[in-house]
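The values are calculated or read from the model by the stated rules, or taken from the named source; none is laboratory data. In this text, all values refer to a predicted model and were calculated from it rather than measured experimentally. Methodologically, a virtual Cβ is constructed for each residue, glycine included, from the backbone with ideal geometry; neighbour enumeration extends over all protein chains shown. In case anyone asks, the SASA skips ligands and DNA or RNA and just uses the protein heavy atoms, side chains included. Shrake-Rupley method; radii C 1.70, N 1.55, O 1.52, S 1.80 Å.
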Amino acid sequence: MRILLLTHAFNSLTQRLGAELQRRGHEISIEFDIADSVAEEAVALFKPALIVAPYLRRAIPAAIWQRHVCLVVHPGVVGDRGPSALDWALQTQEAEWGVTVLQAEAEMDAGPVWASAVFPLRHARKASIYRNEVTQAATTAVLQAVERFAAGDFVPTPLAACTDARGSLRPLMRQADRAIDWQREDTATVLGKIHAADGFPGVADSLFGIACHIFDAWPESSLPGAAGAAPGELIARRETAVLRRTIDGAVWIGHVKRAGGIKLPATLAFAAESSLLPEARLDDWWRVGNETWQDIAYEESGSDENAVGFLHFEFYNGAMSTAQCERLRAALAWARQRPVRVLVLLGGADFWSNGIHLNVIEAADSPADESWNNINAMNDLALELIEAGGQITVAALAGNTGAGGCFLARAADLVWVREGVMLNPHYKNMGNLYGSEYWSYLLPRRVGEDGARDIMRNRQPLTAQAALSSGFSDACLAAEAQAFRIDVARRAAEIAAAPDLAARLTAKRERRAADEAAKPLAVYRAEELAHMRRNFYGFDPSYHVARHHFVRKSLASWTPRHLARHRDLGWTG
């Protein structure tokens, strides 16, 4: 069946739905919802049997929904209506939430229901809930709705007749609803409000007496430097985050957006001000026992002779700045000296890595120079992983991964991916960026020269199953987060205890030596960086223009050609 995805952006949910529908044999094309006339033209060109809207910020034009069945994904339980569904659910601490697939009609979110799915609502960031529970529930519900549509005999239930409807019409959540009273509210309340606004629009507040929006909050239980501090007072800093007192504890604030600016690490956005705060440094890389903000954390399990090391790096949105790459490389080098036989890189809960930090680059005095520094730091990190000859290394991807992050993961011996994770192993969408991280060495040896060329040229996302089928990854593991972690730990322990481990490590080192003799890694790096230098410093500004629009969240002006099949020259419906 021919299905058009009409969406505000090619976000993780749209990617997942597109891939899942294609896997079931449907013909998919995508159009960004830029204007009524553009959407109407897309429908006329593609002639879809069905339109699915995974992510919209405005109503579908009447000229479309009156002539075509349009299924809208609403991130709320049956009966919930309004543009702030997840925000209200998190801030009011609902125990259960869901996704409803309904048919577009004149009244927003009030059409007949085709399918729905529910899930327990974690106390977590809105963006995390969206990428995980909402995406999974939406995938389940949309696939069911599409099957019902294809069957031709299903009659959707009018909202007024839904006996399980427990939601209601709620207004747009405004900053007055999100406001934090630092002198009266406890840590749980403060965290809930920031979580409900993360990653958009953030909570309007102020730091150091300067208005800003705050994001990326973490609880602190040991209160470093809190003696005598008043609620609301900033009391410490650590790497990229600052610590602020509440009435019963404190919260770390990792990212902020100053008026007219872009979202940045807190200690970068307020560099001069935060430098005056006392530094609450952690002594080493070991995971601490109390609640705190720790972006890089190491732990071990198993006996001395069969120990497994786990290296976590919880970088906001998966972006890795020059400094973060350097710190992670130092942690990895330290972990390589530990007496472990298997080393697992777990990344963060929502992202493994998305490569270089475009926001930090955009804010730099010379974005070209910072781009160069950042890609070299990523390369140094990848090299540290490639040359880890003393352990079997595993990249365990619990969260989405893109661009250079995919090839940093592929620098490990094994890549295990959680079911439901989306991978985007390509660079060209960012202004025709060539890419580095030794991809020209790492990718062809896994998928072949033709496979590597297709992945880089087609610029399509891969599901966990597709990554495994293509040869990019080595395993697709359990979808549920806790089950994934258990499975990763079990598999790593089995490798560590295997009687052939010594032989396996010897073969790994011999293979690396043979590859180096055939073509040194330094040559791959030099070839990649020659292209990257042109991206950063050359006459063509495409990368800088694309990065600027990306970090500023500019509205799309057109749908990229590789997504909108119906706009190819010679397309015949």
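Ordering H544, V421, S353 by Cα displacement along the dipole of the chain toward the positive end leaves H544 in first place; charges were set at the Cβ atoms of Lys, Arg (+1) and Asp, Glu (-1). Full extension of the segment from R174 to L276, taken as 0.36 nm per residue of separation minus the current Cα-Cα distance, would add 33.4 nm. Across the chain, the relative contact order, built from alpha-carbon pairs under 8 Å that are at least six residues apart, equals 10 percent. With a cap of 15 neighbouring Cβ atoms within 10 Å, and only residues DSSP puts in a loop, list the trypsin sites (Lys or Arg not before Pro) found in the range 96-149. For trypsin sites (Lys or Arg not before Pro) across the range 96-149 that sit outside H, G, I, E and B with at most 15 neighbouring Cβ atoms in 10 Å, the list reads R122. The range 29-49 and the range 510-573 have Cα centres lying 27 Å from one another. Note on the range 367-437: Cα-only Rg and Dmax are 13.1, 38 Å. Reported to the nearest whole Å, the Cα centre-to-centre distance from the range 252-272 to the range 280-326 is 23. Here the chain is assigned +1 on the Cβ of each Lys and Arg and -1 on the Cβ of each Asp and Glu. Its dipole about the Cα centre then comes out at about 1000 debye. Applying 1/(1 + (r/R0)^6) with r as the Cβ-Cβ distance of E305 and D454 and R0 = 45 angstrom yields a FRET efficiency of 0.55. For the chain, which whole-number percentage of the solvent-accessible area (1.4 Å probe, protein heavy atoms only) is attributable to carbon and sulfur atoms? Looking at the chain in its full context, I get 53 percent from C and S. Under 17 Å from a label point set 7 Å out along the Cα-to-Cβ vector of A161, no amide N atom of the range 46-63 is found.
In terms of overall dimensions, the range 294-369 has a Cα radius of gyration and Dmax of 14.7, 50 angstrom.
Computed across the range 435-501, the Kirkwood hydrodynamic radius from all distinct Cα-Cα pairs reaches 14.0 Å. Evaluating kT/(6 pi eta Rh) at 10 °C and 1.306 mPa s, with the Kirkwood radius of the range 281-436 over Cα pairs in the Stokes-Einstein relation, gives 100 µm² s⁻¹.
Restricting attention to the range 383-449, which GluC sites (Glu not before Pro) occupy a DSSP loop and are surrounded by at most 11 other Cβ atoms within 10 Å? Filter output for the range 383-449: empty list.
Report the FRET efficiency, 1/(1 + (r/R0)^6), for S221 and T572, where r is their Cβ-Cβ distance and R0 is 60 Å, rounded to 0.05. In this case the efficiency is close to 0.40. In loop segments of the range 89-172 as defined by DSSP, the GluC sites (Glu not before Pro) with at most 14 further C-beta atoms inside 10 Å of their C-beta are E107.
Projecting the Cα positions of P278, V340, A330 onto the charge dipole of the range 261-361 (unit charges on Cβ atoms of Lys, Arg, Asp and Glu, taken about the Cα centre) puts A330 furthest along the positive direction. The ratio of the alpha-carbon radius of gyration of the chain to the globular-protein estimate 2.2 N^0.38 Å is 0.99.
Given the range 407-566, what whole percent of its Cα pairs are spread farther than 25 Å? When every Cα pair of the range 407-566 is considered, 46 percent fall beyond 25 Å.
Paramagnetic label reach from A518 (point 7 Å along Cα→Cβ; backbone nitrogen cut-off under 16 Å): within the range 442-468, residues 442-452. If you plug the beta carbon distance of A106 and R338 into 1/(1 + (r/R0)^6) with R0 = 56 Å, you get a FRET efficiency near 0.35.
Each Lys and Arg adds +1 at its Cβ and each Asp and Glu adds -1 at its Cβ; summed about the Cα centre, the range 405-554 shows a dipole of about 460 debye. Which of A117, V78, W372 sits closest to the plus end of the dipole of the chain, meaning its Cα is farthest towards the positive end, when Lys and Arg get +1 and Asp and Glu get -1 on the C-beta? Towards the positive end, the residue furthest out is W372. Just so you know, the Cα atoms of the range 50-117 work out to an Rg and Dmax of 12.2, 39 Å.
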